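S.K.: Questions regarding the structure given below will be posed in turn.
The values are calculated or read from the model by the stated rules, or taken from the named source; none is laboratory data. Quick caveat, the model's predicted, so the values are computed rather than measured. Here the Cβ is made from the backbone with ideal geometry for all residues, glycine too, and neighbour counts use every protein chain on show.
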């Protein structure tokens, strides 16, 4: 996931997430959307399910992008410069917490960033 | 560069563009018959597209067809009465209005509303890197974006054109009663006797071809947008001009088919 891999703007949040399952696994619409809603609830973001990309704040957008990436079967998530997606964060705690919430949905995760951003990640 | 070179370049560009569109059409047409095209995601987009194109437009479409249809039928009938050609009412209704006028007006309305929207939507998605996003997630653009819109175009034009014909024929019934004192039974018999099955088949096929191309061309041009926002109006205007050229070409070809 990256700032250069945006959410599809003419689809609601839950449709963006459900799309991966619907397309690759031919999962029925209702089931895929229910699944998307359940995962959004893990972040306490059930209320944004019907919103579209421009209506999201940066944290919400990050979580939705993360969930979408995790919907791929046996997902290996690669996050490219997460602080470009959530620029105002002081450190990486939010990112790590978000990853922990859905750690059962992916097999591995790698974060790529510039060396000068190292201090933002601290001990992580 | 000489005038002839410029002209030659233009012709080459036009021919290669036309050949590209035909090749793309072939690729898309074959996908219609492949089972894997119809994923759950594609079906959802298809249902939404049919709603946007054929259902949302219904009030306006019905209003236009009632107003235009009644006026047109009124004028045609009064002309026929004046010229003493009332025995040709059935042929004119079926041969001109149902098979020619209905598809043409329907396709014009849908092109103005939906083709322009599709062209812009594709161009915006390209500029926003959303097309690239779908590719990153290994979502086939043709299966997910192109096919639902094309199938929607075919279904919507066939259905709306049929609706337009029904409204016109109903107006015809009303006007024939008022102007010629013709009963509904006589009117129906007149229509049935003037109906040529092959004409109806050609009209339906023409609607399907219209629906195919008025969605395919805007998609193709929309996907040609670059990363620049300024490329959006360029590809939209190019796409719309090409759609209208395609409509005229299909109309001419269908007339030729009828003549031969």
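S.K.: Considering only residues that are without any contact (Cβ under 8 Å) to a residue 40 or more places away in the chain, more than 23 Å from residue B:221 (Cα to Cα) and surrounded by fewer than 15 Cβ atoms within 10 Å (Cβ to Cβ), which ones fall in the range B:11-59?
M.R.: Across the range B:11-59, the qualifying residues are B:33, B:34, B:35, B:47, B:51, B:55, B:56, B:58, B:59.
Yes/no matrix, rows are residues, columns are (1) farther than 21 Å from residue B:46 by Cβ; (2) surrounded by fewer than 22 Cβ atoms within 10 Å (Cβ to Cβ):
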| position | (1), (2) |
| --- | --- |
| A:9 | no, yes |
| A:14 | no, no |
| A:19 | no, no |
| A:24 | no, yes |
| A:29 | no, yes |
| A:38 | yes, yes |
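Every residue, every condition in (1) touching a residue at least 60 places away in the same chain (Cβ under 8 Å); (2) within 15 Å of the chain's Cα centre (by Cα), yes or no:
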| residue | (1), (2) |
| --- | --- |
| B:141 | yes, no |
| B:145 | yes, no |
| B:166 | no, no |
| B:172 | yes, no |
| B:186 | no, no |
| B:205 | no, yes |
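S.K.: Suppose the filter is within 14 Å of chain B (Cβ to nearest Cβ), surrounded by fewer than 17 Cβ atoms within 10 Å (Cβ to Cβ), modelled with pLDDT under 95 and within 30 Å of residue B:36 (Cβ to Cβ); does residue A:76 pass it? I'd like the intermediate steps shown before the answer.
M.R.: Values: within 14 Å of chain B (Cβ to nearest Cβ): yes; surrounded by fewer than 17 Cβ atoms within 10 Å (Cβ to Cβ): yes; modelled with pLDDT under 95: yes; within 30 Å of residue B:36 (Cβ to Cβ): yes.
Judged against the criteria, residue A:76 is a match.
Residue-wise test of (1) over 30 Å from residue B:176 (Cα atoms); (2) away from every other protein chain (no Cβ under 11 Å).
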site	(1), (2)
B:91	no, yes
B:97	no, yes
B:116	yes, yes
B:135	yes, no
B:141	yes, yes
B:145	yes, no
B:156	no, yes
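S.K.: Every residue in the range A:8-24 that is outside any helix (DSSP H, G or I), closer than 20 Å to residue B:39 by Cα and either touching a helix residue (DSSP H, G or I) at 6+ places or on another chain (Cβ under 8 Å) or within 7 Å of chain B (Cβ to nearest Cβ) (or both), please.
M.R.: Taking the range A:8-24 and keeping what is outside any helix (DSSP H, G or I), we get A:8-12.
Still in the running and closer than 20 Å to residue B:39 by Cα: A:8, A:10-12.
Of everything in the range A:8-24, those that are outside any helix (DSSP H, G or I), closer than 20 Å to residue B:39 by Cα and either touching a helix residue (DSSP H, G or I) at 6+ places or on another chain (Cβ under 8 Å) or within 7 Å of chain B (Cβ to nearest Cβ) (or both) turn out to be A:8, A:10, A:11.
Rundown of residues vs (1) free of Cβ contacts under 8 Å to residues at least 60 places away in the same chain; (2) more than 12 Å from the chain's Cα centre (by Cα), yes/no style:
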site: A:79; (1), (2): no, no
site: A:93; (1), (2): yes, yes
site: A:101; (1), (2): yes, no
site: A:106; (1), (2): yes, no
site: A:110; (1), (2): yes, yes
site: A:116; (1), (2): yes, yes
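S.K.: Right, something else. Out of B:7, B:93, report the one residue that is touching a helix residue (DSSP H, G or I) at 6+ places or on another chain (Cβ under 9 Å) and either assigned to a helix (DSSP H, G or I) or crowded, with 17+ Cβ neighbours inside 10 Å (or both).
M.R.: Numbers: B:7 fails: touching a helix residue (DSSP H, G or I) at 6+ places or on another chain (Cβ under 9 Å).
Answer to the check: B:93.
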